[in-house]
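The values are calculated or read from the model by the stated rules, or taken from the named source; none is laboratory data. Only a predicted model underlies this, so the values are computations on that prediction, with no experimental measurement involved. Don't worry about glycine lacking a Cβ; one is built from the backbone with ideal geometry, like all the others, and counts go over all protein chains shown.
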């Protein structure tokens, strides 16, 4: 990143012309021309993302006393972002709105009453619905969380949702000890990849269910390099061969489901008594279905997990502690993220990658290549 | 009941001839001839109850030092009893075995080392699998629990499973307060009838789902006389009319499911956020099915309840406390049980009644009319 200089407590008139146009800004990059416009990926009505999302240029509002002007560095495209654009997600801004819920931005200027964030800091959105697919934004300090700056922006941009979901799934629904086994479907999703790695670090074995795909061998190899104990395709689930395959392992103490349908049923069938099948996604768009006997006689519990809800119910400090745990793992390369960078302008290509059934890499929009 | 006299601590030789044949019996009814045989409803191999269950006469074993000789007064036919006979229940004795898991018996004689049970006491089985469809049994003291004697035997016989299940369902899965609403299907089952009454006593409103039936009007009337707040037939579930009907009520904080299939799905749909759908039966033999969105975004939890498991994990004292709570409610007529008495010999008719889809009354076998 290029070196910048910051000044604090200096009256606006000593700053450059663009700052004079923003009279309440008390701190900004010296000699830097602050932007007056932003490029945004916006939808004016909910609908099919490919159709309703457009690249537009918007004028930035004044930076108020409590506001922060940020320049986004990177922002991923997550499945939930697209559900929000489609209007099928239970939360989110009303259209017209800018898409995207997570990302990392650098601070370009702060208002006179901003206390906890300074120019050149990196920040992420404090809540869902921020609209991160944009080059710049002016937002209240309270809507942003300061993070560290010591990993690549494309990783920093994508830690708060998927790795943190994996972290919670492994911590909130079972007391996992070394040698324990868990089972997950959609195991090659960004959450699934993080689950594999976080579990392996705790010496928890993962049985990973993925869809069959043309590059199956490569995918399995990479998942195993992440620490996957076993990788099995969906069509094997429930077969005698599958049951033989897992018969030497302790029964899984946790099931993770982002698919639904029979995939979830078959996972529930192999779980240890008293354990939980956690649903955090429904990629097949089919309901979760379990025989009553599993609920009654094996005391299998079915629960859901939604990170947005967790964020709502926990303090920013608790959330940052979790993010920092994942962040440090990324920094030390113990948590690898498989990302593919797309310039913001190539949004259509990034979107196309995201909606492909067997994508392996997470599409990350980069605003400052 | 006819008056009897008991003696304790008297040497066997002072007793009648039948007691002399049972030399370790230290206490028995004076001048009463103890039975040497029992009539039992037995199956020699698992299978369709109508085919495999037979009325037989068996010789009773000697009463050992730690044993108790009991004469059964009454025993219900519960659905789980029949599943056990069919061999589709996860616990139970190996065939050949006597059917029936609950019932009440009077004590006719006790062995010399029996401490907590005396002649003329009433007892119930301590664990499932006792085999209660019989006139007499000799069993270890540890396999029996002493109960009170102040309600009718046909009620005493049927408290330990269905009313206790209802009691646990209302206590273990939600913190219900006056004015709260719950919803249940199979609401005219013995458990459902108890749920209605126990809930009404706590001023908890019940939405009760039942199958349509020829005597629907009478059934609804009786359920309302028990305290049912609302009774709706299965076919109305999920319709706009149903949603209008319940729209003025607070959302149910607990769902109780003994049916499965779409009935369970529709109950899950109307539950309050963060609440639990408890499955304790699967009369439709269809799996429980819920959209992933209910699990993720509304945090609906699916759990199972199995009283046998609860009994296994709790002390006899805890269980007796629960039984006594229900017992006292029955005695004071605040918990009514709708039973139909059948002599043990009319087992086939009782069985026929039990397997009818729209039975209202619980079939209770009576051994001592």
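So residue B:267 fits all but one of (1) assigned to a helix (DSSP H, G or I); (2) under 13 Å from residue B:183 (Cα atoms); (3) touching a helix residue (DSSP H, G or I) at 6+ places or on another chain (Cβ under 9 Å); (4) within 14 Å of chain A (Cβ to nearest Cβ); what number is the exception?
(3)
Mind listing whichever residues of the range A:47-63 are surrounded by 18 or more Cβ atoms within 10 Å (Cβ to Cβ) and outside any strand (DSSP E or B)?
A:49, A:52, A:63
Can you pull out the residues in the range A:282-299 that are within 7 Å of another protein chain (Cβ to nearest Cβ) and either in contact with a strand residue (DSSP E or B) (Cβ under 7 Å, 6 or more places away or on another chain) or at pLDDT below 95 (or both)?
A:282, A:287, A:288, A:289, A:290, A:292, A:295, A:296, A:299
Anything in the range B:238-274 that is touching a strand residue (DSSP E or B) at 6+ places or on another chain (Cβ under 6 Å) and buried (at least 20 other Cβ atoms within 10 Å of the Cβ)? List them, or say none.
Selection gives B:252, B:254, B:255, B:256, B:257, B:260, B:264, B:265, B:267, B:268, B:271.
Test each condition in (1) within 14 Å of another protein chain (Cβ to nearest Cβ); (2) crowded, with 21+ Cβ neighbours inside 10 Å; (3) in a helix (DSSP H, G or I) for residue A:326 and report the one that comes out false.
(1)
Identify all residues within the range A:300-323 that are outside any helix (DSSP H, G or I) and within 14 Å of another protein chain (Cβ to nearest Cβ); write none if there are none.
Residues satisfying the conditions are A:300, A:301, A:302, A:303, A:304, A:305, A:306.
Please tell me if residue B:217 is modelled with pLDDT of 95 or more and either over 23 Å from residue B:173 (Cα atoms) or not in a helix (DSSP H, G or I) (or both).
No.
Which numbered condition trips up residue A:74, out of (1) closer than 18 Å to residue A:37 by Cβ; (2) assigned to a strand (DSSP E or B); (3) touching a helix residue (DSSP H, G or I) at 6+ places or on another chain (Cβ under 9 Å)?
(1)
Which of the numbered conditions does residue A:89 fail, given that it passes all the others? Conditions: (1) in contact (Cβ under 8 Å) with a residue 12 or more places away in the chain; (2) touching a helix residue (DSSP H, G or I) at 6+ places or on another chain (Cβ under 8 Å).
Residue A:89 satisfies all of (1) in contact (Cβ under 8 Å) with a residue 12 or more places away in the chain; (2) touching a helix residue (DSSP H, G or I) at 6+ places or on another chain (Cβ under 8 Å) except (1).
May I ask you to verify whether residue B:361 is away from chain A (no Cβ under 14 Å) and farther than 30 Å from residue A:276 by Cβ?
Yes; evaluated as a whole, the condition is true for this residue.
How many residues, within the range A:255-264, are free of Cβ contacts under 8 Å to residues at least 40 places away in the same chain and more than 7 Å from chain B (Cβ to nearest Cβ)?
Of the residues in the range A:255-264, 2 are free of Cβ contacts under 8 Å to residues at least 40 places away in the same chain and more than 7 Å from chain B (Cβ to nearest Cβ).
State whether the residues of the range A:99-117 include one that is assigned to a loop (DSSP other than H, G, I, E, B), buried (at least 17 other Cβ atoms within 10 Å of the Cβ), on the phi > 0 side of the Ramachandran plot and not assigned by the TED database to the domain that holds residue A:277.
Yes, there is a match, as at least one residue in the range A:99-117 is assigned to a loop (DSSP other than H, G, I, E, B), buried (at least 17 other Cβ atoms within 10 Å of the Cβ), on the phi > 0 side of the Ramachandran plot and not assigned by the TED database to the domain that holds residue A:277.
For residue A:277, are the conditions met, namely being facing chain B (nearest Cβ under 10 Å), closer than 18 Å to residue A:192 by Cβ, touching a residue at least 24 places away in the same chain (Cβ under 8 Å) and assigned to a strand (DSSP E or B)?
yes
Among (1) surrounded by fewer than 21 Cβ atoms within 10 Å (Cβ to Cβ); (2) modelled with pLDDT of 95 or more; (3) more than 9 Å from chain B (Cβ to nearest Cβ); (4) touching a strand residue (DSSP E or B) at 6+ places or on another chain (Cβ under 8 Å), there is one condition residue A:332 misses while meeting the rest; what is its number?
Tallying (1) surrounded by fewer than 21 Cβ atoms within 10 Å (Cβ to Cβ); (2) modelled with pLDDT of 95 or more; (3) more than 9 Å from chain B (Cβ to nearest Cβ); (4) touching a strand residue (DSSP E or B) at 6+ places or on another chain (Cβ under 8 Å), residue A:332 fails exactly one: (4).
Here's a check for you: in the range B:202-214, which residue that is in contact (Cβ under 8 Å) with a residue 40 or more places away in the chain and part of a strand (DSSP E or B) is surrounded by the most Cβ atoms within 10 Å (Cβ to Cβ)?
B:209
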